[in-house]
């Protein structure tokens, strides 16, 4: 839901201040290293309580400070403007050791509680690895999506990873008696993950080929494939037996060699794996389309809301960090057409270099900030 | 002042005590009645000498075996397995349970090098078997004292390690002909559904019971 303002103290190179964000699109214009991405990082942090850059909290405070603070408010009805009604507030304070997250003044016990309040989807340079990087990076992306869509997914994933670590330790000790009890637990949580991933795959595959073809004009379909490590259709008992039959070999290697942690996601075309043949621009577009589908899936959510009624579409905050640079003019235009149109209560933050034709991307209510040395100068309201 | 610094440093090693709380305690002790501070120091000093582990159940006790293990009013057909001695006090406070206890002294965690040999699992199996052999003997102890163990209640926490430990104990007791049960998990008594988190609700649905 749209932020109406964001406030930051000792956060990276940003000068302590409050930024007005009451608009559907906010453009951040500036040279490299001025603080554009830092503002996106602060907004993401306000949505999830952590950074999308993977950095540890101790690296975030401005030089000379141990901690940092962030605060923001958003309209709980998902509307912008003065008359929008009730606002939710979030504040995050990190003192160098302990993180205090408060939603409407109440402390949160677990940062996962934030996930469903005001989700954000970030489009950043590192997303390129979803298309061309290790299978682990793709799993990370789809795990992130599933966590945003299915409430129990994060708990199942945490439990699975914990059991996996315990099992690997037991394999190194050849502790057969412990493996006998860890295997059923690994299968139980593994099956829960597989089921949600299959559901997620159906959701993505329903849109991915069409959207990718629309923007790329490639002329041949590119599909998203999900290859689970455990064969589809295998039941609980079959999998426990399978793990038992492979135990000696896994003890030899000292690690669990099958399960959802080895699942693969891939992009395929008629010739086989698409990522092996794709150009840099085509790979870049893969990651952008994934992010668009992620955002639209979060927007549409489940078929009904938490109260059993028909669910109103609520777009997540979109944070687009220099993502248009690597696309040609036609692809940029078609990609931007996929973003939510004005009037739907969606809010998007864009970063641009000064020489980019950012005025062409304005669509609806837009605030433009010039960013220089961590300061935000409100240039104009388009 | 070194005396204050030393005491603050020692107090901050206690669970749940930060530097600020330790300082408050220290200044309170400075002003407190000397009789109180001496009694406190003596109790702390003698604590480990006076409190021992019960040789049967592994709980804390001043007299070995403990009052629960020797109590004539305890139901010896049922043993409740817990992780820590503190868990015994928690369950006793409910006044619901009248059986015996067995403290494991931890939970299975291969990651931390805690295997079955580091826990009091072998002694649990021994107790279950011993109960059965007493059933077959004809000594003069009361009926209750020679009762065979019929049920083992696994009261470990519903965490990955707690569940692993419970599953392991169920496995090792399979051949002992004893009923193995697990504490129910789900919505707390007196709690509102609307305040239950999604995981607790999901687990409650999986463990639902016929009325």
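The values are calculated or read from the model by the stated rules, or taken from the named source; none is laboratory data. Please read these numbers as outputs of a predicted model, since none were measured by experiment. As a convention, Cβ positions derive from the backbone with ideal geometry for all residues, glycine included, and neighbour counts pool all protein chains shown.
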Hey, any hits in the range A:84-104 for a residue that's part of a loop (DSSP other than H, G, I, E, B), in the same structural domain as residue A:357 (by TED's automatic domain parsing), in contact (Cβ under 8 Å) with a residue 12 or more places away in the chain and within 23 Å of the chain's Cα centre (by Cα)?
no
Among residues of the range A:161-178 being more than 9 Å from chain B (Cβ to nearest Cβ) and part of a helix (DSSP H, G or I), the residue nearest to the chain's Cα centre (by Cα) is A:161
Out of A:225, A:169, A:206, report the one residue that is buried (at least 19 other Cβ atoms within 10 Å of the Cβ) and free of Cβ contacts under 8 Å to residues at least 60 places away in the same chain.
A:169
Take the conditions surrounded by fewer than 17 Cβ atoms within 10 Å (Cβ to Cβ), at pLDDT 90 or above and in a loop (DSSP other than H, G, I, E, B) and apply them to residue A:354. Does it pass?
yes
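Okay, residues lined up against (1) assigned to a loop (DSSP other than H, G, I, E, B); (2) in contact with a strand residue (DSSP E or B) (Cβ under 7 Å, 6 or more places away or on another chain); (3) at negative phi:
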| position | (1), (2), (3) |
| --- | --- |
| B:41 | no, no, yes |
| B:73 | yes, no, yes |
| B:88 | no, yes, yes |
| B:96 | yes, no, yes |
| B:105 | yes, no, no |
Criterion (under 22 Å from residue B:104 (Cβ atoms) and exposed (fewer than 14 other Cβ atoms within 10 Å of the Cβ)) met by exactly one of B:33, B:64:
B:64
Looking at B:103, B:81, which is the one that is at pLDDT 95 or above, closer than 30 Å to residue A:172 by Cα, away from chain A (no Cβ under 14 Å) and touching a helix residue (DSSP H, G or I) at 6+ places or on another chain (Cβ under 6 Å)?
B:103
Listed residues A:72, A:42, A:23, A:6; which is buried (at least 20 other Cβ atoms within 10 Å of the Cβ), assigned by TED's automatic domain parsing to the domain that holds residue A:351 and assigned to a loop (DSSP other than H, G, I, E, B)?
A:23
Condition first: touching a helix residue (DSSP H, G or I) at 6+ places or on another chain (Cβ under 8 Å) and within 14 Å of chain B (Cβ to nearest Cβ). Can you find one or more residues in the range A:220-240 that meet it?
yes
Any idea which of (1) within 14 Å of chain B (Cβ to nearest Cβ); (2) buried (at least 18 other Cβ atoms within 10 Å of the Cβ) is the one residue A:141 doesn't satisfy?
(1)
Considering the range B:175-204 alone, what residues qualify as being in a helix (DSSP H, G or I) and either touching a residue at least 24 places away in the same chain (Cβ under 8 Å) or more than 30 Å from residue B:129 (Cα to Cα) (or both)?
B:176, B:193, B:194, B:195, B:198, B:199, B:200, B:201, B:202, B:203, B:204
Being within 27 Å of residue A:341 (Cα to Cα), in contact with a helix residue (DSSP H, G or I) (Cβ under 6 Å, 6 or more places away or on another chain) and at pLDDT 95 or above is true for just one of A:70, A:40, A:14, A:28. Which residue is that?
A:28
Residue check, residue B:58 in contact with a strand residue (DSSP E or B) (Cβ under 6 Å, 6 or more places away or on another chain), away from chain A (no Cβ under 14 Å) and either at pLDDT 95 or above or surrounded by fewer than 16 Cβ atoms within 10 Å (Cβ to Cβ) (or both)
yes
Can you name the residue in the range B:175-196 that is in contact with a strand residue (DSSP E or B) (Cβ under 8 Å, 6 or more places away or on another chain) and within 14 Å of chain A (Cβ to nearest Cβ) and is also nearest to residue A:155 (Cα to Cα) among such residues?
B:182
Given the structure, is residue A:63 touching a strand residue (DSSP E or B) at 6+ places or on another chain (Cβ under 6 Å), at pLDDT 85 or above and under 17 Å from residue A:10 (Cβ atoms)?
no
Residue A:284 - would you say it is over 14 Å from residue A:176 (Cα atoms), in contact with a helix residue (DSSP H, G or I) (Cβ under 8 Å, 6 or more places away or on another chain), in the same structural domain as residue A:200 (by TED's automatic domain parsing) and in a helix (DSSP H, G or I)?
yes
Any chance residue A:279 is out of contact with any helix residue (DSSP H, G or I) (no Cβ under 8 Å at 6 or more places or on another chain) and surrounded by 17 or more Cβ atoms within 10 Å (Cβ to Cβ):
no
Restricting to the range A:299-333, count the residues that are under 25 Å from residue A:117 (Cβ atoms) and modelled with pLDDT of 90 or more.
6
Answer from A:156, A:174 - the residue that is more than 28 Å from residue A:350 (Cα to Cα) and surrounded by fewer than 19 Cβ atoms within 10 Å (Cβ to Cβ)
A:174
Only one of (1) at pLDDT 90 or above; (2) at the interface with chain B (Cβ under 9 Å from one of its Cβ atoms) does not apply to residue A:102, and that is (2)
